[in-house]
Amino acid sequence: MKKATKKAVFHYAVVRFMPFIETREFANIGVVIIEPKTGKFLFKLAPKKFGRVTQFFDDLNGELYKNGIEMFTNELNRVQEYFISHHLFGKDLVTRFQELIRKRESVIHFGEMGITYGEEIVTTLEALYERFVARSFVTKHYREQQMVKVLKEKLSKALPVKFTEKTFNAGIYDIKMPLTCETPNSLNKSSTCIIKPLAFEQQTALRAAEHGETWIKRVDKLIKYELIKPEHALFTLEKPQENTEFTQVYHDIVGEIEHIGVKALSFSELNDVVDFAKSRVKITNPPLTH
């Protein structure tokens, strides 16, 4: 009988990007980790061009994040060299690590220290990064809520009318759409415009596909009940960053969206989404009163 491998103990902290201290909103952008027994200190940070972070903060052109991540990378490299040159192990390493990650009011800072177990520090770091930064730290609902927030702000600046949440009654079904706009001075159903963001943040490709197909069926019901016209509906999708099975799901879902006559746009092309809304939401001046 094969003897079970004893797992090593690791201490870690998540790196956070919080550009506006007053709002307390932050995004996870990396992980630092130590293995006290061996004295190893490693880290992994998000790339300099990380649109999924900068898109979700108002008045941020990306330079603050880019410059911040460069400086932070240099600082962590110095810390790594210091730990190695001073041969820190055990409690001494944990103490220095706690000092490194202590709470600070800065744009880039650390979360609380956590403890985890694994067989090897590199694979453990990758798993933590995947969990907290890449995909699985955030549910599909949270991610799509953030996309809705961004779109509401962009559309409100570009249009004299607002996109709001609305529940449609399609026979026995109540279908809630997060971004809906109706021309205020018209009762024509064709004036209704809907936008549905889609993220592919699920744990498996199958779940991601099922999530996309669920929303396609809902929009298709709205079309069949003549509550909206297909040309007045839009899906804006966030394409998975890596060339994995999720990328195939993305392309499959885009194909299904187009099959029901609805337009699909990349969420990264926010200006195209705004142009779509402008072309579908027709604003007419009210009649003059005498």
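The values are calculated or read from the model by the stated rules, or taken from the named source; none is laboratory data. Owing to the predicted nature of the structure, the values given are computational and were not obtained by experimental measurement. All Cβ positions, even for glycine, are placed from backbone atoms using ideal geometry, and neighbour counts span all protein chains on display.
The residues of segment 103-119 that are more than 19 Å from ILE29 (Cβ to Cβ) and assigned to a loop (DSSP other than H, G, I, E, B) amount to a single one, GLU119. Considering every residue within segment 46-55, establish whether at least one is of a type in the set (Ser, Thr, Tyr), under 27 Å from GLU269 (Cα atoms) and either modelled with pLDDT of 85 or more or touching a Gly at 6+ places or on another chain (Cβ under 7 Å) (or both). Checked segment 46-55: at least one residue is of a type in the set (Ser, Thr, Tyr), under 27 Å from GLU269 (Cα atoms) and either modelled with pLDDT of 85 or more or touching a Gly at 6+ places or on another chain (Cβ under 7 Å) (or both). For LYS166, the conditions (1) touching a residue at least 60 places away in the same chain (Cβ under 8 Å); (2) surrounded by 14 or more Cβ atoms within 10 Å (Cβ to Cβ) all hold with the exception of (1). Can you pull out every residue in segment 189-225 that is among the aliphatic types (A, V, I, L, M) and part of a helix (DSSP H, G or I)? Within segment 189-225, ALA205, LEU206, ALA208, ALA209, ILE216, VAL219, LEU222, ILE223 meet the criteria. Report yes if ILE253 is crowded, with 19+ Cβ neighbours inside 10 Å and in a loop (DSSP other than H, G, I, E, B), otherwise no. Answer is no for this residue.
Among all residues of segment 257-278, there is none that is in a strand (DSSP E or B), surrounded by 21 or more Cβ atoms within 10 Å (Cβ to Cβ) and polar (S, T, N, Q).
Please tell me if GLU213 is in the same structural domain as ILE260 (by TED's automatic domain parsing) and closer than 19 Å to ALA277 by Cβ. Here the answer is no, as GLU213 does not meet what is asked.
Restricting PHE97, PHE83 to residues that are hydrophobic (A, V, I, L, M, F, W, C), on the phi < 0 side of the Ramachandran plot and either in contact with a helix residue (DSSP H, G or I) (Cβ under 8 Å, 6 or more places away or on another chain) or not in a helix (DSSP H, G or I) (or both) narrows the list to PHE83.
Among the residues making up segment 231-250, those that are out of contact with any Ser or Thr (no Cβ under 8 Å at 6 or more places or on another chain) and in a helix (DSSP H, G or I) are GLU231, GLU245, PHE246, THR247, GLN248, VAL249, TYR250. Just one residue in the set GLU81, GLU144, GLU99, GLU120 is within 26 Å of ILE223 (Cα to Cα) and of a type in the set (Asp, Glu); that residue is GLU144. From the set of residues in segment 143-163 that are in contact (Cβ under 8 Å) with a residue 60 or more places away in the chain, part of a helix (DSSP H, G or I) and in contact with a strand residue (DSSP E or B) (Cβ under 8 Å, 6 or more places away or on another chain), which is nearest to THR192 (Cα to Cα)? Restricting to residues being in contact (Cβ under 8 Å) with a residue 60 or more places away in the chain, part of a helix (DSSP H, G or I) and in contact with a strand residue (DSSP E or B) (Cβ under 8 Å, 6 or more places away or on another chain), the top hit is LEU155.
With respect to the conditions (1) modelled with pLDDT of 95 or more; (2) assigned to a helix (DSSP H, G or I); (3) under 30 Å from PHE267 (Cβ atoms), LEU128 lacks only one, and its number is (1).
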